[in-house]
Structure formats: C-alpha cells, structure tokens
Amino acid sequence: MKHNGNFVTAVLLLALASFAQTPLSASSRDFDVCDYGAKGDGAADCTAAIQTAIEACAAAGGGRVVVPSGGVYKTYTLKLRNDVELHIARGATLKGGEDPLRYEEFGPTDVWNVERSIRFNKRAMFYTCGATNVAITGAGTIDGNAEAFHHKSEKRNWTGYNWWRNSDTNITGRCVFFVGCRDVRMDDVLIYHPSGWSTFFLDCERVGIRGVRIETRREFPNGDGLHFGACRDVTVSDCIIDSMDDSLIVRNHQELLKKHRVCERMVFQNCVLRSEKCAAVRIGYTCDGPVRDILFDNIVVEQCGNAVLLELRDIPKPPAEWMDPPRGRGLAVPPPESRVPFSAENIRFSNFRANCLRDPIFLFIAETERISFARDISFRGCDFRSAAPPRILCRPGDGISNWRFSDVTFDVLKTKGSPRAKAACFENMRDVSFDNVRWNFSEEPSLECSSR
C-alpha cells in the first residue's frame with residue numbers, strides 16, 4: 001500500500017501540535033531538588049536527592065522537578081517516572097559523575113532485549129523505561145562529562161583523532177535514553193559532551209523535541225545526535241546539532257525489541273546540523289526493518305560526510321565481534337524468519353542544503369542484507385555542495401524505485417587528491433525522474449569547514 005505523503009504529514013503535524021500544547025500534568029506543583037538535599041557545588045553526589053524528588057513528584061500525581069539555576073549538580077543514573085517533567089533551569093547543569101561503575105546497569109525488562117544493548121553497553125546518564133507523559137525541559141545543560149571516559153593515545157581512532165574510550169561497557173554509552181515510553185517531550189536543553197550517543201529513543205510513541213542543542217566532543221568516537229529506533233509519531237524542530245557521528249538517525253533496531261515495530265510518521269523541521277565526518281541524516285543500518293512516512297524540511301548542514309545515507313552493511317562472520325547490533329559474547333544473528341527485511345517508503349527531503357565531504361546521497365545494500373524496497377523517495381528544493389556526485393549502489397532485485405528529484409542543484413567540487421570520478425551513479429534503479437536538476441562541476445582546494 002502506498003501512502004499519500006502530503007496527507008500523512010498534515011495529519012501528523014495537526015495531531016502533534018495538539019500534543020505539544022497539552023500540559024504535562026494537571027498539577028502545577030514544583031519539587032525543588034535542593035529541598036531534597038541536592039547541592040550545586042559540582043562535588044557532592046546528588047543522584048539520590050534528585051531521584052527522591054522525582055519519586056515524590058510521581059507519588060503526588062505528577063508535576064515538575066526543578067533543578068535551580070546557579071549550580072552544577074553531579075549525578076549518576078536518573079530515571080523519570082510517569083507524569084514527571086524534569087526542568088533544568090537556565091544556568092543549571094546536571095553533570096555526569098566520573099566513576100563509570102556507579103552508573104546503574106540496565107536490568108531485565110519485558111520492554112526490550114537488554115542483552116542486545118548496543119556495544120554491549122548497559123549504562124546511561126538518564127534511563128527511562130516504559131514511562132508515560134515524561135519530559136526534560138529548561139534552558140539548562142546536561143553535561144555527559146565525556147572527558148572522564150576517554151584517553152589520548154599515539155594511535156588514531158577511526159575518526160582520525162587520537163582519542164579512545166577507556167571502555168565500551170564501563171561508560172554512559174547513551175546520555176539520554178528513553179525506551180518503550182509514550183508522550184515524551186524534550187525542550188530547549190543543551191546536551192554537552194556526551195560520552196557516546198547524545199540521545200536514544202527506542203520504541204517510543206508521540207515524541208516532541210523542540211529547541212534542543214547538542215554539542216559533542218568532535219575528537220571522541222560515536223557522538224551521535226538525535227537517534228530514533230522504531231519510534232512512531234515524532235516531531236523534531238528548531239534544533240542545533242553539532243555531532244561527531246551521525247546527526248539525525250532513523251532506524252528500526254528490530255533485534256533490540258520484544259515485539260516488531262515499524263519506524264514511522266516522523267517530521268524533522270527547521271534544524272541546523274553539523275557532523276564531523278559522518279551523515280547528516282542516516283536511515284537504516286545492518287539488519288534493520290521498515291521505516292516509512294518521514295519528512296525532512298528546511299534543514300541546513302554546515303558540514304557532513306554524506307547528507308543522506310541509506311546503508312545496510314555486511315556483518316563480519318564469527319568469531320569477529322560486531323557492536324551494532326551486537327555480535328559475539330554469546331549473541332548470534334537471529335534466524336532470518338524472525339527478522340523483517342529492511343524497507344523505506346515515502347521519505348521526503350525539501351529545502352535541504354548541505355556541504356558534504358563525500359557523496360551527498362549514498363545508498364548501499366550489502367550482499368548479505370535483505371531488503372523489500374526503497375521507494376517513493378523525493379528531493380525537492382535541495383542544494384548539495386559535495387566532493388562527489390550522488391551514488392545509488394544496489395542489486396536489480398532490491399526494489400529501488402520511484403525516486404524523484406525536482407529543483408535540485410548538485411555542485412560537485414573535485415577537491416585536491418580526490419579519486420572520485422565526475423559521474424553520478426544510479427545503479428539498478430527504476431522510475432527515476434529529474435525535473436529542473438542542475439549539475440555544476442568545478443575544482444575546489446577543500447570542503448573542510450572551520451572549527452568552532
């Protein structure tokens with residue numbers, strides 16, 4: 001069944017606009033964390049005090065837990081509860097503690113397969129599982145304290161920098177992690193220097209994110225921005241994301257879930273992105289399932305590797321380990337009959353401008369991957385400045401069809417030492433249309449952007 005993109009988008013925007021205007025709770029009572037013993041001196045462990053305030057707020061029927069301005073509050077793992085808004089006031093910082101073993105490991109749950117947690121990592125600074133009507137708001141800061149979990153070495157990591165994690169498991173691999181939650185809101189907060197992914201929303205429904213800022217440490221690996229797995233009814237707007245790794249991620253993560261879910265009905269608007277070397281927008285990954293009805297509109301990308309990346313990679317065969325999804329250490333690939341093949345349908349990009357260090361649009365399907373189709377993909381009013389033209393590399397039976405390009409400009413700037421040929425590749429596609437598409441080819445010394 002094909003979906004009407006304009007109709008789906010209009011219905012989603014109306015529904016989520018109503019959701020965004022709904023107050024978190026009928027209660028207007030505030031719970032100040034300092035009243036429960038928190039101290040904003042940057043030294044005292046405030047975890048118990050803040051969590052006690054959260055529990056008291058939930059027990060009272062919901063309300064707002066306030067972290068007041070003017071202090072740095074050290075904390076380890078915090079868990080939100082139903083009907084609780086955590087408000088981090090402007091000038092306040094929640095900073096992750098430096099002892100990795102004091103972050104509570106995820107326990108067994110009927111919501112997701114904890115044993116398959118990405119990179120075998122079971123720790124987060126914020127971990128909320130199965131909650132309803134929860135929020136993190138305020139113009140304050142969540143500081144992941146990444147510096148405490150990395151060290152410098154003479155050897156370069158895969159990003160080209162000399163910084164390495166102290167451990168994959170004894171680290172907050174997800175700074176803010178919501179899983180199996182409903183009616184989630186995140187407004188205005190700054191997520192600063194996470195030690196892994198900035199956020200992870202897994203199997204969440206009705207998610208509204210507005211005005212969030214993310215600043216990762218560019219030298220540290222795997223600093224993702226906003227990461228969504230198998231979520232439904234999501235709006236993201238007015239965000240500024242400076243990520244080391246991918247900035248906006250839409251995936252399925254079916255192996256992490258107890259029950260298969262489609263990742264669908266998502267709108268991303270009015271955002272400014274920067275990825276050090278990776279994708280501005282990533283859709284899909286190894287062993288992922290279906291994603292559909294996604295809109296990206298009015299997006300500006302200062303720098304990225306690829307502007308839009310759809311990639312299903314090969315997984316190394318045992319005994320090699322693979323981190324995402326995790327392989328090895330007793331975890332094997334689930335049988336093919338238990339996995340739904342990847343598919344992408346009704347994905348829209350409009351008013352999208354990006355500076356790319358590699359191909360602006362890149363689709364790659366590994367020989368071992370199963371895909372049903374990637375169809376009804378459109379680019380309208382887009383401007384790509386890149387070191388290479390777009391490349392679509394797939395097999396004849398992959399169902400890559402009905403891609404539309406209208407009012408699109410590709411400025412292909414061959415940089416010094418670039419081996420790329422000046423030719424676009426649309427391999428094994430069907431029903432591709434071009435309407436007012438411009439191609440410019442020229443020489444350029446570098447596409448690297450200035451550092452902040």
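Each reported figure results from applying straightforward, stated rules to the coordinates on display, with no laboratory input. This one's a predicted model, so the numbers in the text were calculated from it and none came from an experiment. Here Cβ is always computed from backbone atoms with ideal geometry, including for glycine, and neighbour counts include all displayed protein chains.
Would you mind calculating the gained length between Ile240 and Arg353 on full extension (0.36 nm times residue separation, minus the Cα-Cα distance), in nm to one decimal?
Full extension of this stretch gives 39.2 nm more.
Please compute the contact order of the chain in relative form: average sequence separation of alpha-carbon pairs under 8 Å and at least six residues apart, divided by the residue count, as a percent.
9 percent
Note down the net charge around Asp143, summing +1 for each Lys or Arg and -1 for each Asp or Glu among other residues with Cβ under 12 Å from its Cβ.
Result for the local shell: 0.
How far apart, in nm, are the 7 Å Cα→Cβ label points at Thr409 and Asp30?
Label-label distance for Thr409 and Asp30, simple model: 4.9 nm.
Taking the Cα-to-Cβ direction at Ala44 and at His151 and moving 7 Å from each Cα, how far apart do the two end points lie in nm?
3.3 nm
In the calculated pair distance distribution of the chain, what percentage of Cα-Cα distances lie above 29 Å?
Counting every Cα pair in the chain, those more than 29 Å apart make up 46 percent.
Hey, got a sec? Which trypsin sites (Lys or Arg not before Pro) in segment 94-192 land in a DSSP loop and have at most 11 other Cβ atoms within 10 Å?
Loop-located and lightly packed - Lys155, Arg156.
I'd like the trypsin sites (Lys or Arg not before Pro) in segment 287-337 restricted to DSSP loop residues with at most 12 other Cβ atoms within 10 Å, sorted by number.
Here the sparse-neighbourhood loop sites are Arg329.
Could you tell me how far the Cα centroid of segment 357-400 sits from the Cα centroid of segment 289-345, in Å?
If we compute the Cα centre of each part, the gap is 14 Å.
If exposed GluC sites (Glu not before Pro) are those in a DSSP loop with at most 16 other Cβ within 10 Å, what is the longest stretch of the chain that has none?
155-320
Once R0 is set to 30 Å, what does the formula 1/(1 + (r/R0)^6) return for the Cβ-Cβ distance between Thr169 and Glu55, expressed as a FRET efficiency to the nearest 0.05?
The calculated FRET efficiency here is 0.60.
At 0.36 nm per residue, and after removing the present C-alpha to C-alpha distance, how many nm does the segment from Ser69 to Thr109 gain when stretched out fully?
Answer, rounded to one decimal: 10.9 nm.
Where the centroid of each part is defined by its Cα atoms, how far is segment 26-101 from segment 208-275 in Å?
So the two Cα centres are separated by 25 Å.
Could you work out how far helix 47-59 tilts from the main Cα principal axis of the chain, as a 0 to 90 degree angle to the nearest 10?
90 degrees
What is the distance, in nm, between label points placed 7 Å from the Cα along the Cα-to-Cβ direction at Arg430 and at Ser372?
If labels sit at Arg430 and Ser372, their model points lie 1.6 nm apart.
Quick check on the chain: helices-only [θ] at 222 nm, where DSSP H runs of length 4 and up contribute -39,500 (n - 2.57) each and the sum goes over total residues. Nearest 500, please.
-2000 deg cm²/dmol
Between their Cα atoms, which of Lys277/Lys414; Lys155/Lys414; Lys79/Lys122 are more than 19 Å away from each other?
As for pairs spanning more than 19 Å Cα to Cα, those are Lys155/Lys414.
Roughly how tilted is helix 5-21, in degrees to the nearest 10 and between 0 and 90, from the longest Cα axis of the chain?
That helix lies at roughly 10 degrees to the long axis.
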